[in-house]
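Computed from the coordinates by the stated procedures, all read-outs in this text should not be read as laboratory data. Because the structure is predicted, anything quoted here is derived from the model rather than measured. So basically every Cβ, Gly included, is an ideal-geometry build from the backbone, and we count neighbours across all protein chains shown.
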Amino acid sequence: MGEMIPFNANSLYAQLQNSLKAWEATSLPIDALKGLLTIKQITGDPQGSLRQFIVEQIDALEKENKQHADLLRLRFFEGATIKEVAHERHLSRDQVNRQQRRAIEHLAELIYQKETALRQERLQDIQKRLPSRDYTQLFGNEKHKQLLAVTLLDPDKYHMVALVGMGGIGKTSLADITTREIAPSFHFADIFWLRFPQNNLSEPPSHYFVFNWVVSKLASHFQLEEHSDYHQFLWVRQYLNQARYLIVIDNLHNETQTPELFKKLEEFAVPSKILLTARVRPAPQSTVFSIMMNEIDLKNATDLLVHQLDAIGQRDKAAQVKEHMPEIYATTGGNPLALKLCAGLLYSLPLPIIIDEMEQRHIRDIHDLYAYIYFELWKGLSENAQILLEAMPLADDIHGASLEHIASVTKLPEKDVHHAIQELSQASLIEPRGSIEERRYSIHQLTRGFLLKEIIVWDKGPQ
C-alpha cells in the first residue's frame, strides 16, 4: 500500500523545515508537504507548485507576525546564515535559532489551520454526495471491509474492484461504510457515487448505454455539460488519468457486466479506482478484482435480527427470536435484508406462524423467500401505508425523500403520512436516513424491484 503522509502540526513543522533548508537547492524534497489540499498544483511543475505555496504562506504569515515572516525570508530566500542574522539584529545565535524555530512553528500552525478547514469543507462535500446512511452498523462483514479498504488504498493493484453477492447481502452498505472511512485520508482527490437507475427501463441496457451514462454523470461533476459527448469523454478521461479519484458505480444490471463495458471503464482507471456493486461476478477474463460477499453466520444473523427488533420497537420479542433462531436461519440464511424484513413480519404475525408457513411453502431460493415476506408484509399494511409504499420508487435513489415530498406525491394529509411512515418503519419496509433535523426516507433496491414488477399480482398471493 502506498505510504500515507501523516497530517498534523508536528509533521508539517518537520516538512516545512526540510523544504526551507533545501530552498537554494535545485529541487526541494520530493515528498515535502505531500498531500496538502491547500497547495495549488501547477500542471507539470510540482517543484514550482511547492515553492509558490511556501512563498504565499509566508506572505500570509506577515499579516500576523511581520518579524517571523521577515526572518524566514532572510534566512532561506536570501540565504543569510545564522551568524549573519545574529549580527544584523544584534542577537545571539541561540536567540536567532529560537526565533527561527518559533517562526516555522507559527507558519506550520497557520498552514495547519487552513488545511484543516479545507479538509472539513471537502469532506462535507463528499459526504453530501454519498448515499444517506440507512444503517447504524454492519454485522459479519469486518473482513470484507478490511480487504476492500486495503485494495482501494493500494495505488499499484486492482484499479477496478467489484463487490459481488445476491440481492440484500449488504453490498451497497459495505461500499458506503468503507468509502466513508477512507474519505478522511484524502487518498483520493475526490469521490463520486453513481447509482445506476433501475426504473423506467423496459429491457436491460447495452454496455454503450451504461458507459455513456457514467461519462455524463462524471462530466456533470466536472462541470463539462456544455461540451459534446465525445469531448466530455476526453475531458473526463484526462481528469481521471491525471489525479487519483474513486468512482463507485452501484447497482449494475447483471446483463450489462460485459467484457466490453469493463474494457471501456479501464480507460478511466489508473491512477483512479472504480468500485462496482453487482450480483454477478465479472467474467474471469476481465481485469476486475472481485470480492465475494457471502451470507453472515448464525451469531451475526442473531445479532442483526435483535438489533433490528430494537430499532423498530420490538425488543420484547428478542428472547423468543434467540430461542428459535436456528429455525429462522435455516430458512432465511444469513441474508441481512431478509432478516430485517423478518423482524418486520414479527410486528404483525406470531413467530411460530412465520416459521410454520416458511417450512410449509418449501421455499426453494432467495427469490421465493422475498416473495413470501413481501407479500405477507403487504397484506398487513393499512391502505395509507400501501399508498405511501407504492409511491416510494419515485424517491431519490441516493438520498431518499423528505416528508414534504412524500406528502405531495401521495396527496395524503400530513397526519396520515406520519402514521404510514411509522407503520412502514415498524415493518422494516422503509429506511430512515439523514439526521433527526433533516429526516429522509427510502426503500431498498429489492423492495423497489418487487413494487415495480410484482405488485400488480400481489392480490393473488406470491406466485
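Values as computed for the structure displayed
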{"quantity": "About the Cα centre, charge dipole magnitude for segment 9-129 (Lys/Arg +1, Asp/Glu -1 at Cβ), debye", "calculated": "240 debye"}
{"quantity": "Farthest positive-ward along the chain dipole, Cα basis, beta-carbon charges - from PRO197, ILE421, LEU147", "calculated": "LEU147"}
{"quantity": "Total charge dipole magnitude, the chain, about the Cα centre, Cβ charges on Lys, Arg, Asp, Glu only, Debye to nearest 20", "calculated": "1160 debye"}
{"quantity": "Extension gain (nm, one decimal) between ASP125 and ASP45, 0.36 nm per residue minus Cα-Cα", "calculated": "26.0 nm"}
{"quantity": "Fewest-first sequence of LEU74, LEU252, LEU118 by Cβ atoms within 10 Å of each Cβ", "calculated": "LEU118, LEU74, LEU252"}
{"quantity": "Contour excess over end-to-end distance, with Cα ends at ASN10 and ILE82 and 0.36 nm allotted per residue", "calculated": "23.6 nm"}
{"quantity": "Exposure proxy ranking, count of Cβ atoms within 10 Å, fewest first, for SER49, SER19, SER92", "calculated": "SER92, SER49, SER19"}
{"quantity": "LYS157/GLU64 FRET efficiency (R0 41 Å; Cβ-Cβ; nearest 0.05)", "calculated": "0.35"}
{"quantity": "Compactness relative to 2.2 N^0.38 Å, alpha carbon Rg of segment 69-120", "calculated": "1.37"}
{"quantity": "Principal-axis tilt of helix 9-21 within the chain, Cα atoms, nearest 10 degrees", "calculated": "40 degrees"}
{"quantity": "Listed residue (LEU265, GLN320, VAL85) projecting farthest to the positive dipole end of the chain, Cβ model", "calculated": "VAL85"}
{"quantity": "Least to most buried among MET160, MET325, MET293 (fewest other Cβ within 10 Å first)", "calculated": "MET325, MET293, MET160"}
{"quantity": "For SER272, distant residues with modelled amide H under 5 Å away", "calculated": "TYR245"}
{"quantity": "Fraction of the pair-distance distribution of the chain above 38 Å, Cα-Cα pairs, percent", "calculated": "40 percent"}
{"quantity": "Derived scalar couplings ³J(HN,Hα) [segment 319-329; Karplus, 6.51 cos²θ - 1.76 cosθ + 1.60; whole Hz; x for Gly, Pro]", "calculated": "4, 5, 5, 4, 5, 9, 4, x, 5, 5, 5"}
{"quantity": "Amide H contacts under 5 Å for SER290, placed H, 5+ residues apart", "calculated": "ALA162"}
{"quantity": "FRET efficiency estimate (nearest 0.05) - Cβ-Cβ, ILE398 to GLU359, R0 30 angstrom", "calculated": "0.20"}
{"quantity": "Estimated FRET transfer efficiency when R0 is 25 angstrom, pair GLU225-THR38 (beta carbons, to 0.05)", "calculated": "0.30"}
{"quantity": "Beta bridges by DSSP in the chain, antiparallel share as percent, to the nearest 5", "calculated": "25 percent"}
{"quantity": "Most to least packed among 98-109, 358-369 [average Cβ atoms within 10 Å]", "calculated": "98-109, 358-369"}
